[in-house]
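Worksheet: the structure to be examined is printed underneath.
The values are calculated or read from the model by the stated rules, or taken from the named source; none is laboratory data. Note that the structure is predicted; figures quoted are calculated from it, not measured. Neighbour counts are summed over all protein chains in view; Cβ atoms, including those assigned to glycine, are modelled from backbone coordinates with ideal geometry.
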Amino acid sequence: MNENEIQFTELLEKAKEASKTSYSPYSKFAVGAACLFESGKIYLGSNIENVSYGIGLCAERNALSTALAAGEKSQLTTIAVYSPNQKHCLPCGACLQWLSEFSTMCGNNYDITVILEGDNTDYTAYKLSELLPYGFKFQ
């Protein structure tokens with residue numbers, strides 16, 4: 001295993017741990033996310049549902065919000081997303097757009113890595129541009 005593979009595996013394990021704090025009584029679909037920034041800090045989030053479905057919060061947006069609320073200023077580099085309910089649990093469209101927004105928060109167009117659990121419990125890595133090739137950008 002090279003350094004990236006070890007880092008990706010560890011980040012996916014953190015997302016797995018985060019999924020255990022999910023509040024998902026309606027869908028019963030737990031999700032955890034772990035965001036890694038250039039500072040080396042990792043921020044976790046889990047999905048939080050509400051009986052008014054549209055105001056729930058996805059794990060990815062929860063993790064990003066936690067980082068921003070903590071004052072994180074460095075570049076987002078990688079996010080791992082995990083669900084015990086489904087392998088290869090892709091972020092929803094809203095979360096992909098959030099990732100696009102905050103992958104450029106330092107002013108550069110950085111193509112972050114998105115890590116998911118693969119079919120054999122290993123990981124699958126994508127670039128955000130593969131999952132959201134035409135995301136909305138402020139000009």
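General remarks:
- Only one entry of 117, 49, 60 meets the criterion of being within 11 Å of the chain's Cα centre (by Cα) and among the acidic types (Asp, Glu), and that entry is 60.
- Qualifying residue in the stretch 18-34 (condition: modelled with pLDDT of 95 or more, among the hydroxyl-bearing types (Ser, Thr, Tyr) and within 11 Å of the chain's Cα centre (by Cα)): no
- Taken over the stretch 74-96, the criterion of being farther than 20 Å from residue 137 by Cα and of a type outside the set (A, V, I, L, M) is satisfied by 82, 83, 84, 85, 86, 87, 88, 89.
- Filter result for residue 24 (hydroxyl-bearing (Ser, Thr, Tyr) and more than 17 Å from residue 98 (Cα to Cα)): yes
- Single residue of 90, 99, 36, 12 found to be out of contact with any Leu (no Cβ under 7 Å at 6 or more places or on another chain) and either aliphatic (A, V, I, L, M) or touching a residue at least 40 places away in the same chain (Cβ under 8 Å) (or both): 12
- Test: residue in the stretch 54-66 that is free of Cβ contacts under 8 Å to residues at least 60 places away in the same chain and touching a Pro at 6+ places or on another chain (Cβ under 6 Å): yes
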